[in-house]
There are 6 protein chains.
Amino acid sequence: MPMLQINLLSGYNSGLKQRMTKALTAVIAGITRAKPEAISIWIHEVESFNYSRGGQARQPGIGASDPTLLVHDYLMAMEQRELDKAQGFLGENFVMTFPGSGNLTSLSQLVEWSKGRYRFVTKTLISTNVAYEMDKVVVFVNGTLAGEWPDGTAFDGVRFIDRFEICDDRLLRQDVWNDLATVQP
Amino acid sequence: MPMLQINLLSGYNSGLKQRMTKALTAVIAGITRAKPEAISIWIHEVESFNYSRGGQARQPGIGASDPTLLVHDYLMAMEQRELDKAQGFLGENFVMTFPGSGNLTSLSQLVEWSKGRYRFVTKTLISTNVAYEMDKVVVFVNGTLAGEWPDGTAFDGVRFIDRFEICDDRLLRQDVWNDLATVQP
Amino acid sequence: MPMLQINLLSGYNSGLKQRMTKALTAVIAGITRAKPEAISIWIHEVESFNYSRGGQARQPGIGASDPTLLVHDYLMAMEQRELDKAQGFLGENFVMTFPGSGNLTSLSQLVEWSKGRYRFVTKTLISTNVAYEMDKVVVFVNGTLAGEWPDGTAFDGVRFIDRFEICDDRLLRQDVWNDLATVQP
Amino acid sequence: MPMLQINLLSGYNSGLKQRMTKALTAVIAGITRAKPEAISIWIHEVESFNYSRGGQARQPGIGASDPTLLVHDYLMAMEQRELDKAQGFLGENFVMTFPGSGNLTSLSQLVEWSKGRYRFVTKTLISTNVAYEMDKVVVFVNGTLAGEWPDGTAFDGVRFIDRFEICDDRLLRQDVWNDLATVQP
Amino acid sequence: MPMLQINLLSGYNSGLKQRMTKALTAVIAGITRAKPEAISIWIHEVESFNYSRGGQARQPGIGASDPTLLVHDYLMAMEQRELDKAQGFLGENFVMTFPGSGNLTSLSQLVEWSKGRYRFVTKTLISTNVAYEMDKVVVFVNGTLAGEWPDGTAFDGVRFIDRFEICDDRLLRQDVWNDLATVQP
Amino acid sequence: MPMLQINLLSGYNSGLKQRMTKALTAVIAGITRAKPEAISIWIHEVESFNYSRGGQARQPGIGASDPTLLVHDYLMAMEQRELDKAQGFLGENFVMTFPGSGNLTSLSQLVEWSKGRYRFVTKTLISTNVAYEMDKVVVFVNGTLAGEWPDGTAFDGVRFIDRFEICDDRLLRQDVWNDLATVQP
């Protein structure tokens, strides 16, 4: 039964608004335990000249990209070793950790580190979850890995989870856990 | 600048409402890239007899517990091997996976499985993140493990992440990843 | 899906507000063809000093009685020939018409007119409907009559409908139709 | 002084909205006894993509026809014995009753029944009232009948009232009362 | 933190709405001592057919001109002795007073009265303030006068203040105070 | 017809809210030319824990004193030469100007300056107007002076206007104009 009304400056696209209403509905449902179907949201869009703060008209912001798309696109680029494309998703001071890797600060460092560990690896996703924090968006992707060991033998069904911190549409941090060490030959 | 107004039946406690406004603010900030300080939320509480759906007055729901507290309390109980207390947090059909464990369906099964792997383990938390999905709440906890191997030697600083699925204030699923396999003697 | 919010000065009782939300829901349902369960209404009650028109605080009005109760009570009083009680429901210039009676302007005139037509009559109600007009409330009651003819023989199942005009909690007009003429001996 | 705000999906026509604001105003006036001029209504129309329930955008419904027009058109068609046209206004399982007729279930049955009662009859309307119920709309029309008896003599000024139940823009039931039996030769 | 929402019929221009949000923000700031930057205003514009009072759609009013522009334009016209233009700003029964002049009721009377007092005078404005009263708008302009005495000697830096009453975009009254008498030769 | 709704943290007193609704009504009336009686304002008071900005609950501010009372009380204290009391109304860096006085920065300086100009002076107020600016409130008082010249002869009916700048409930500036110079012996 909770009902939300959002006053919003005009200018955000439908996709963003749909992401927003879904995420808000999920928050309300999760916290009040109301059923999602009982939660309605109305967005009242207002032209820039019909809003003022401090007596001044204001402009809408840019809006963020879909963080799950951003992560999925990055993971796909990495899987296909399109490092330039993948680099485009990263913020300054990007840091990543893998099991046993310590902090890595560049994709080339990662590629170097992963040599000798596996020939290639592909990911099958089970869940993607988004946690909104005040200062960042955290995306979690978990599923299973398949690939080949350096000796050419195959593996699959290896559990993994990736944790990404995103700010201003750029990845700031990637932390990876997986079970490769428990199954490696 | 986005402004939310929530019509809500009276009866939810302040803690719940505070969790809700924080979570909603973070969603709005994450999606519109507005600064949290620019996002205001007003809750208009309405007595039961001042709300109707289908011409009928309605009662407020129960509200959910704080999912991060629930997870932290469960983890503490497990760390201290208070299995009865820990059991109280679990829903029916609870399932958990650990590196190499496959599906475990009871805490006693877990205790059995972990014997011979370590004498004990404690967790230092770095982050707790909550992702609200339509049908469940997913809580992620990551940090480092410390403890003793079966031979009594100590370890610490071992990366871990736990993923919990929660519905109706009960844990439905716990998935654990860590680097123990990469550091075990 | 239509959602109503009503700003209302505090002071109306719950019964009145419940009647109001039901009647408003029925209007919205009847006109938009939305299902009643999809129509929610929120009443925002505001203390007198938090409302102003023309810069002046205002007081809430008195509110009307339930018009169906008013009509039912009047009909019961008439059926039991409690004329003094029935008189209390009538406004000045009250007029009533019955089949063949022309305009009657007092209850005693009615009693006189009905003599020789039946010994007594009781009503079984099927429906009571309320139509809200800008300047009055119109209540319709239909059902069947039972009673005795002057010669003591009984009748029942005789269709009737009453139409009442109400203003300021007083009956202004009663118009009666029935099938007595088609069945009288 | 009561003030209504309606959140409504865009797409309903002006006529429907005008009928709605009038009917809502009359309800509020009738129940609170506020003067209609003191009752204001604001409709906030919202595009489909700016509304969500359960996190899903929704479409507006169809809206109902004006029930008084529907009844008036039906009555006109019947008066002019345009039975095919009149039939178009009827729902399945339509039932009608007239004084002494019992339940009639088709227009042809009615025409048959009325033969021998009058050559023709025309209606002069005094009032049309609409009562909105949760599951149907009830329209009442009262006024006077004029026409010719089977022997060619004229009558007029005969009181009548019709009661119609409407659902989904179709007449489900018509109940007629009049004073023909009290005046017939 | 105070947040205003204004329901307004569409049709007022942006300039008017901007003046309105500024003036409202200043009132809220002045009375609550909230900082203007913390005060947000949202105007919800509603088409004529989406508003009703007494069940009737209504049209927006005309809106007033900017009262400070009106006063400044009038003062400029007077300074340049464009009396016809200045006359266009005046309402019927316009009255003005100057130090020692008593009530003057026409611009020509003023010109006559000022002869022999100075050859010409120009105004340097310091502040323009607008006070909104229920039945009129009062504009205050203060600053300094410069000009020439009848003997051709110059003066400047002479304090003045003008008080204007405005209704329906016309000046109803002008009251002038200045220090010419304290400095005149 | 314009309708305002104000979301406000609970805690401001009725007097302040009444001043606010009056001042807002006057602004709306003055700018839209709607009649004050057609302008309604609803204050929705919200408890501190039902409002959040940046996800944090907030407290209401202090609220300002009535600026016209403040000015009237100050003027009364000055008229009665209660300088200590008058001093209490002044902010730091208070400045005042009178005809021919230049900037005076203390009440004692004023008393000194006025000696030899009049024995005493009293004010009869005609109008008090308040102009709300973003950073201050400006109050104007005009009317007539009466008193005695140093030689004991009386004067009255002398036009004056005072302009006060107020911030945080303290007078920052007083500027006085009057016609004493035009009438002094």
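Checking each residue in the stretch A:14-51 for being of a type in the set (D, E, K, R) and more than 7 Å from every other protein chain (Cβ to nearest Cβ) picks out A:Lys35, A:Glu47. Within the stretch D:18-45, being over 22 Å from the mean Cα position of the chain (by Cα) and closer than 15 Å to C:Ala64 by Cβ holds for D:Ile31, D:Thr32, D:Arg33, D:Ala34, D:Lys35, D:Pro36, D:Ala38, D:Ile39. With a requirement of 2 or more residues that are open to solvent by less than 20 Å² (accessible area, probe 1.4 Å) and either closer than 30 Å to A:Leu171 by Cβ or of a type in the set (Phe, Trp, Tyr) (or both), the strands (runs of 3 or more DSSP E) lying completely within the stretch B:21-137 that satisfy it span B:40-46, B:90-98, B:120-132. Of all the residues in the stretch C:169-185, those that are assigned to a loop (DSSP other than H, G, I, E, B) and within 12 Å of the chain's Cα centre (by Cα) number 1.
Residue check, B:Gly15 against (1) within 21 Å of the chain's Cα centre (by Cα); (2) part of a strand (DSSP E or B), all met but one. Which one? Checking B:Gly15 against (1) within 21 Å of the chain's Cα centre (by Cα); (2) part of a strand (DSSP E or B), the one that fails is (2). Answer yes or no: is there a residue in the stretch D:67-83 that is at pLDDT 95 or above and within 10 Å of another protein chain (Cβ to nearest Cβ). Yes, the stretch D:67-83 contains at least one residue that is at pLDDT 95 or above and within 10 Å of another protein chain (Cβ to nearest Cβ).
If only residues of the stretch F:111-145 that are more than 9 Å from chain E (Cβ to nearest Cβ) and free of Cβ contacts under 8 Å to residues at least 12 places away in the same chain are counted, the one that is nearest to E:Ala29 (Cα to Cα) is F:Glu112.
Determine, yes or no, whether F:Leu4 is surrounded by 15 or more Cβ atoms within 10 Å (Cβ to Cβ), in contact with a Pro (Cβ under 6 Å, 6 or more places away or on another chain) and part of a strand (DSSP E or B). For F:Leu4, the condition - surrounded by 15 or more Cβ atoms within 10 Å (Cβ to Cβ), in contact with a Pro (Cβ under 6 Å, 6 or more places away or on another chain) and part of a strand (DSSP E or B) - is not met. Just one of the listed residues (D:Arg163, D:Arg159) is open to solvent by 20 Å² or more (accessible area, probe 1.4 Å), in a strand (DSSP E or B), under 21 Å from C:Leu180 (Cβ atoms) and facing chain C (nearest Cβ under 10 Å), and it is D:Arg159. Within the stretch D:1-48, being charged (D, E, K, R), under 12 Å from C:Ile28 (Cα atoms) and touching a helix residue (DSSP H, G or I) at 6+ places or on another chain (Cβ under 8 Å) holds for D:Lys17, D:Arg19.
The values are calculated or read from the model by the stated rules, or taken from the named source; none is laboratory data. Keep in mind that this is a model prediction, so the values were computed, not measured. Cβ sites come from the backbone with ideal geometry, for glycine too, and all protein chains shown count toward neighbours. For accessibility, only protein heavy atoms count, side chains too; no ligands or nucleic acids. Shrake-Rupley method; radii C 1.70, N 1.55, O 1.52, S 1.80 Å.
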